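Nothing in this text is a laboratory measurement; each read-out follows from the coordinates by a stated rule. Predicted model, so just to flag it, every value in this text is computed and none were measured. Here Cβ is always computed from backbone atoms with ideal geometry, including for glycine, and neighbour counts include all displayed protein chains.
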Amino acid sequence: MNYWWTSDFHLGHFNIIKYCNRPFKTVEGMNNAIINRFNERVKKDDFVFFLGDLCFKSGTGRGEGEPYKAINYLEQLNCKNIIFINGNHDSGGKNSFKTIIQNLVISYGGKRIFLVHNPEYVNTYYDFALVGHVHEKWMFKRIRRGETFIDCCNVGVDVWNFYPVNWQQIDREYHKWLKTNNLTSNR
């Protein structure tokens, strides 16, 4: 069994291709690529932490999303061991997707890791944070709160070539980022 982290699939969201400069010509092409890449890496007995915004369901008539419910996409994923953290497009069941988890703390890789969709809500009490929401904007960022800070990793598909990531990938890229920016870890 392996552990994976990911977020911000935005399946069915036509305009996300344009908003985030995603390399897909159609929403169907995007949906298929993201689902196939997920299934390529994640096996049936693996465990996934999904940090928000699985899909974008049209309900407003604006034409931004497909009329499919989240279950349509979930049925296409190999793995069923998925913990979903609420994203801004998941709130209130907007996308027919409901989760009561706003954030979560795990112990992994010798660290206490805070998981939340939006990095604005990270808690600097922990060793590290995994976030989504910011799409292609950054992979790692140091967030300061007064005298303290926390380093955050964006696990969104836009910065990981539309794949979920494991801890080894995160840790390797994090240490490269620290070295490149002449930083040391906070813990």
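Fully extended, how many nm does the chain gain between GLU28 and ILE83 (0.36 nm per residue separation, minus their Cα-Cα distance)? Spell out each step's value before the answer.
On the way: separation 55, 0.36 × 55 = 19.80 nm, distance 2.50 nm.
Gain in length upon complete extension: 17.3 nm.
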Partner aspartates and glutamates whose C-alpha sits under 20 Å from that of LYS141, ignoring same-chain residues fewer than 8 away, are ASP8, GLU120, ASP127, ASP151, ASP158, ASP171, GLU173
Applying a 10 Å radius around every beta-carbon, put 3-9, 76-82, 111-117 in order of their mean neighbour count, most first. 3-9, 111-117, 76-82
Along each principal axis of its Cα atoms, how long is the chain end to end? Whole angstroms, biggest number first, please. 46, 35, 32
With Rg from the Cα atoms and Rh as the Kirkwood inverse mean 1/r over Cα pairs, segment 132-177 has an Rg/Rh of 1.00
In debye, nearest 20: dipole of the chain around its Cα centre with unit charges on the Cβ of K, R (+) and D, E (-)? 220
Estimated 222 nm signal from helices in the chain, with DSSP H stretches of n ≥ 4 weighted -39500 (n - 2.57), rounded to 500: -6000 deg cm²/dmol
Mind checking which lysines have their Cα closer than 19 Å to the Cα of LYS18? Skip sequence neighbours fewer than 8 apart in that chain. LYS57, LYS137
Once the dipole of segment 3-180 is set up from charges on Cβ (+1 Lys and Arg, -1 Asp and Glu), the residue from the list ALA70, TRP5, HIS175 lying farthest towards its positive end is HIS175
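Taking the highest mean first, how do the peptides 31-38, 177-184 order by number of other beta carbon atoms within 10 angstrom per residue?
The packing order, highest mean first, is 31-38, 177-184.
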What is the sum of charges, Lys and Arg at +1 and Asp and Glu at -1, for the other residues whose Cβ falls under 12 Å from the Cβ of ASN78? +1
Length added when fully stretched, THR184-TYR19, from 0.36 nm per residue minus Cα-Cα: 56.1 nm
Among all the lysines, which ones have a C-alpha under 22 Å from LYS43's C-alpha, if same-chain residues fewer than 8 places away are not counted? LYS80
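Compute the FRET efficiency between SER107 and GLN76 as 1/(1 + (r/R0)^6), taking r as their Cβ-Cβ distance and R0 = 41 Å, and round to the nearest 0.05. Spell out each step's value before the answer.
Details: r = 31 Å, r/R0 = 0.76.
According to the calculation, E is roughly 0.85.
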Working from Cα positions, state the angle (0 to 90°, nearest 10) between the long axis of helix 27-41 and the longest principal axis of the chain. 50
Normalized C-alpha radius of gyration of segment 104-164, against 2.2 N^0.38 Å? 1.07
Pairs of Cα atoms under 8 Å, at least six residues apart: use those to get the relative contact order of the chain, whole percent. 22
I need the peptides 155-167, 131-143, 14-26 ranked by packing, meaning the mean over residues of other C-beta atoms within 10 angstrom, with the highest value on top. 155-167, 131-143, 14-26
At 0.36 nm per residue, minus the direct Cα-Cα distance, what do PHE47 and THR148 gain on full extension? Give it in nm, one decimal, please. 33.2 nm
